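Since the structure comes first, as structure tokens, the remarks are kept for the end.
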């Protein structure tokens, strides 16, 4: 996934964000339909409502995440996205009345300070658009909670297909709205505000490469979560920041400041603290509390 997301700049000068999501989704759905001919799995949801809500939350999260890739290195955008465990905790407290212990309170403090170190709103280089990855993390948390609480009986293929269809529709409507409203952008905003265009064949090739990498990544993540306990597997999601950072440096020469490295480290520490806290509760056998954590 770190490699796939770092390839977005290869197409961002020719197509817009909405069309990118539409093309990638169309190719991804085609891949799943072909896989269905070789692997037996169902694509019909058990409960339509939660599946659609999860797809909407996840699609909004990814749309916000990708919208800043023209402005920020993938690893920094990913750091904002991975504030999701902190938002899971906050939403659990507000919506499900979870009583947080000291580990969770410390996790929120660490994550918040990590976000501040990365964004540095007190510096001249700060832009409000840098907040978008944080909002992406909030929507990602909503998708995580919906998955855990209401979609446990759904097939991972069903959930993946619903996501790709939803974000494809959102992408197409976004690009169409830009065309109808005669809205466009320049420089870094061009990728975000570009409508529907006729791309050259090279663009289809790179979108196909990113589609293959994304589908492969999703299938491997799904298989991993089927093989191991959720709180244990969540730890390895943070390898995305490492891979995205290294690949971004190799491909595009992205170099991070010391404060940005420290911020990413604090966000990772906050997420791990939430995860280990959930594991501790599960091991102690407090089923009620465990059901209220991600």
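Scan segment 135-154 and report the pairs whose first residue is under 10 Å from residue 88 (Cα atoms) and whose second residue is modelled with pLDDT under 85 and part of a loop (DSSP other than H, G, I, E, B), with Cβ atoms within less than 7 Å and a gap of 6+ or a chain change. Pairs found: 137/82; 137/83; 144/294; 145/294. Exactly one residue out of 58, 98 is part of a loop (DSSP other than H, G, I, E, B) and either over 30 Å from residue 183 (Cβ atoms) or in contact with a helix residue (DSSP H, G or I) (Cβ under 7 Å, 6 or more places away or on another chain) (or both): that is 98. Just one of the numbered conditions (1) part of a helix (DSSP H, G or I); (2) closer than 27 Å to residue 243 by Cβ; (3) within 17 Å of the chain's Cα centre (by Cα) is not true of residue 69: (1).
Applying the set (1) free of Cβ contacts under 8 Å to residues at least 12 places away in the same chain; (2) farther than 20 Å from residue 267 by Cβ to residue 13 leaves exactly one unmet item: (1).
Screening residue 63 with (1) farther than 29 Å from residue 268 by Cβ; (2) part of a helix (DSSP H, G or I); (3) touching a residue at least 24 places away in the same chain (Cβ under 8 Å) gives one miss only, at (1). The condition of being more than 13 Å from the chain's Cα centre (by Cα) and either part of a loop (DSSP other than H, G, I, E, B) or more than 15 Å from residue 164 (Cα to Cα) (or both) holds for only one of 78, 49, 18, that being 49.
The values are calculated or read from the model by the stated rules, or taken from the named source; none is laboratory data. All figures in this text were calculated on a predicted structure; none of them were measured in a lab. Positions of Cβ are backbone-derived with ideal geometry, glycine not excepted, and every protein chain shown enters the neighbour counts.
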